[in-house]
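Student: Below: one structure in structure tokens.
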Amino acid sequence: EAEMGRVEIDVLFASASAIMTPVCGKKKNTLSFRNGCASALHGNSKFLLQALINLIVNASRHTDAGVITVEATDAGDFVAFTVSDTGSGISAEDEPHIFVRGYSTGGGRGLGLAICKDTVNLHGGALELVSTGPTGTVFRFTVPKET
């Protein structure tokens, strides 16, 4: 069971930036955050931070000297987060398997996206691959707003 409470998006983004900017910099990637939502989230800040980190790590792993953007937008009763990159994309063969625990294309353990999906589901949201191709990938997930 996860303790749920008020999570400020700006605080979540500041933590993710502090952890991931040096990691992304090793591959000459630029990491940017945009908060377009005035609402707070209802969730577990540590779990949500881990989900963002996992998505950013994957984006950076497949991007060289590119841009990774994390954005929060209003989506009714939810906040929608997108993590987009200018990397190599996900192959059509791999796409159906990316959320399967243990499935990896880059030598990792294949846990990152599965953990993200479990975390978002725990919060009552949804995680999806929005688009992918030779010019980048976009993941989107939703988390309920604090009421």
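Student: Go through the residues of region 38-50 one by one and say whether even a single one is under 11 Å from the mean Cα position of the chain (by Cα) and open to solvent by less than 30 Å² (accessible area, probe 1.4 Å).
Tutor: Yes, there is a match, as at least one residue in region 38-50 is under 11 Å from the mean Cα position of the chain (by Cα) and open to solvent by less than 30 Å² (accessible area, probe 1.4 Å).
Student: Only one of Ile98, Ile115 is open to solvent by 40 Å² or more (accessible area, probe 1.4 Å), modelled with pLDDT under 95 and β-branched (Val, Ile, Thr); which? I'd like the intermediate steps shown before the answer.
Tutor: On the way: Ile98 fails: open to solvent by 40 Å² or more (accessible area, probe 1.4 Å).
After ruling out the rest, the residue left standing is Ile115.
Student: Here is a further query. Are there any pairs, at least 6 apart or on different chains, whose C-beta atoms fall under 9 Å, with the first in region 6-22 and surrounded by 16 or more Cβ atoms within 10 Å (Cβ to Cβ) and the second of a type in the set (S, T, N, Q) and in a helix (DSSP H, G or I), and if so, which?
Tutor: If the second residue must be of a type in the set (S, T, N, Q) and in a helix (DSSP H, G or I), the pairs left are Val7/Ser45; Leu12/Ser45; Ser15/Ser45; Met20/Ser60.
Student: May I pose another question? In the set Val70, Val120, which member is of a type in the set (Val, Ile, Thr) and more than 17 Å from Leu31 (Cβ to Cβ)? Full working, then the answer.
Tutor: Working: Val70 fails: more than 17 Å from Leu31 (Cβ to Cβ).
From the options Val70, Val120, the qualifying one is Val120.
Student: Looking only at residues in region 73-88 that are open to solvent by 20 Å² or more (accessible area, probe 1.4 Å) and in a loop (DSSP other than H, G, I, E, B), which one is farthest from Ser131 (Cα to Cα)?
Tutor: Checking each candidate, the answer is Asp77.
Student: Residue pairs, Cβ under 9 Å, 6 or more apart or interchain, first in region 42-60 and under 9 Å from Cys116 (Cβ atoms), second among the basic types (Lys, Arg). List them.
Tutor: Hits for this filter: Ala51/Lys117.
Student: Residue by residue through region 51-67, note down the ones that are open to solvent by less than 20 Å² (accessible area, probe 1.4 Å) and in a loop (DSSP other than H, G, I, E, B).
Tutor: Correct list: Thr63, Gly66.
Student: Continuing with this model, one more query. Just one of (1) part of a loop (DSSP other than H, G, I, E, B); (2) acidic (Asp, Glu); (3) in contact with a strand residue (DSSP E or B) (Cβ under 9 Å, 6 or more places away or on another chain) trips up Glu93, so point out which.
Tutor: (3)
Student: Same structure again: Restricting the search to region 101-112, which residues are buried (at least 16 other Cβ atoms within 10 Å of the Cβ) and more than 17 Å from Ile53 (Cα to Cα)?
Tutor: Tyr103
Student: Here's something else I'd like to know. Among the residues of region 25-37, how many are assigned to a loop (DSSP other than H, G, I, E, B) and crowded, with 20+ Cβ neighbours inside 10 Å?
Tutor: Adding up the residues that qualify gives 1.
Student: Would region 11-18 turn up any residue that is farther than 26 Å from Pro134 by Cα and of a type in the set (Phe, Trp, Tyr)?
Tutor: yes
Student: May I pose another question? Scan region 124-132 and tell me whether some residue there is surrounded by fewer than 18 Cβ atoms within 10 Å (Cβ to Cβ), of a type in the set (Val, Ile, Thr) and in contact with a strand residue (DSSP E or B) (Cβ under 8 Å, 6 or more places away or on another chain).
Tutor: Among the residues of region 124-132, at least one is surrounded by fewer than 18 Cβ atoms within 10 Å (Cβ to Cβ), of a type in the set (Val, Ile, Thr) and in contact with a strand residue (DSSP E or B) (Cβ under 8 Å, 6 or more places away or on another chain), which makes the answer yes.
Student: From the list Val130, Val120, Val70, which residue is in a strand (DSSP E or B), among the hydrophobic types (A, V, I, L, M, F, W, C) and under 22 Å from Ser39 (Cα atoms)? Don't jump to the end; show me each part of the working.
Tutor: Values: Val130 fails: under 22 Å from Ser39 (Cα atoms); Val120 fails: in a strand (DSSP E or B).
Being in a strand (DSSP E or B), among the hydrophobic types (A, V, I, L, M, F, W, C) and under 22 Å from Ser39 (Cα atoms) holds for just one of Val130, Val120, Val70, which is Val70.
The values are calculated or read from the model by the stated rules, or taken from the named source; none is laboratory data. This one's a predicted model, so the numbers in the text were calculated from it and none came from an experiment. Every residue, glycine among them, receives a Cβ derived from its backbone with ideal geometry; neighbour counts consider all protein chains shown. Heavy atoms of the whole protein, side chains included, go into the accessibility calculation; ligands, DNA and RNA do not. Shrake-Rupley method; radii C 1.70, N 1.55, O 1.52, S 1.80 Å.
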